[in-house]
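Please treat every number below as a calculation from the coordinates, not as lab data. All figures in this text were calculated on a predicted structure; none of them were measured in a lab. Every residue, glycine among them, receives a Cβ derived from its backbone with ideal geometry; neighbour counts consider all protein chains shown.
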Amino acid sequence: MALTPQPPLTLPAPAKINLFLSVTGRRADGYHTLETLFVPIAQADFITFADRSDDAIVRESGAAEIAPEDDLAVRAARLLQHAGAAGRGVTLTVRKNLPLGAGLGGGSSDAATVLLGLNRLWRLGYSRRALMGLALELGADVPFFVFGEPAIGRGIGEVLDAVSLPPTWFVVLRPRAAVATGELFAAPELTRNSASAKILAFPEGFGRNDLQAVAAAQFPEIADCLNTLGSEAEAARAAVGARMSGSGSCVFAAFGAEDIAVQVLARSTRAGRFTGFVARALNRHPLRDFATP
């Protein structure tokens, strides 16, 4: 019996911030072990899903720099199709708002939204745990977006424990630099033996980003951005001062009030060297209910 096509569905793929990132070791397979605090934020790409009468996976639009076959969104659809949706197809329209090479997890979030969205569109009924297992095949950050809450990430980022955060607004600045994650992790000067925090609560101002010093040394634009936002954040008594997210290039500071964050953004971008935005922390991913526990 033919399946009834579903109407098009447009869903968000929110960004993330790494409030801290410690490199704790290196595995025999070359992957680095990490400890990080992932926080989803209210800044997002948007993906429209259009059901098809054939089994093709088609990307109508997306990041121009990435070929469709390399796009994590397309790869996620194919992975789910092969896992249990043979004969189903979809057309994906990806509206990119999150920059590439920015440390905001845009590609990983797109992949997670495709897994969650097609789980609903194709009525597959996969649990969140099952989707997280598939997500890990696409990249270490993808399971977090399926997990759907602020979380401490360990291992290569896939071992997740939920945490609670107070109301938080982030000023996020983007310098004119795109960072290749692999190059930072390969840098000989990278610290690879940071101690585990051994905590699940988030203390004010905790931690650092072990990749930050390497990135700032390689990209003067990132160092400039850190200095600019750092001065403004200190003057505004930020809850967390200027810090790089993930492997960069974006830099953020955290505040307990939106109006203060908006003022800091205005002062930090007035010279025109950086672009940026203010986004609040999300306690739940908007698609968290698209999979059962």
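Relative contact order, percent, of the chain when contacts are C-alpha pairs under 8 Å separated by at least 6 residues? Mind showing how you got there, number by number?
Numbers: 672 pairs, mean separation 68.9, N = 293.
RCO, the chain: 24 percent.
With a Förster radius of 35 Å applied to the C-beta separation of S231 and A42, the computed FRET efficiency comes to 0.85. For G155, the residues 5 or more places off, or on other chains, whose built amide H falls under 5 Å of its own are L34. Listed from fewest to most Cβ neighbours within 10 Å, the set K96, K16 follows the order K96, K16.
Rounded to the nearest 500, what is the 222 nm mean residue ellipticity of the chain from helices alone, with -39500 (n - 2.57) per DSSP H run of 4+ residues and division by all residues?
Details: 8 runs with 85 residues, N = 293.
Helix-only estimate at 222 nm: -8500 deg cm²/dmol.
Each residue of region 162-167 is assigned a 3J(HN,Hα), and the resulting list reads 5, 10, 9, 10, x, x Hz, derived from the Karplus form 6.51 cos²θ - 1.76 cosθ + 1.60 (θ = phi - 60°), x at Gly and Pro. In loop segments of region 41-129 as defined by DSSP, the GluC sites (Glu not before Pro) with at most 16 further C-beta atoms inside 10 Å of their C-beta are E65. Less than 5 angstrom separates the built amide H of Q43 from those of A15, all sequence-distant by 5 or more or on a different chain. Of the residues H32, H82, the one with the fewest other Cβ atoms within 10 Å heads the list, and the complete ranking is H82, H32. Fewest neighbouring Cβ atoms within 10 Å first, the residues S245, S22, S61 line up as S61, S22, S245.
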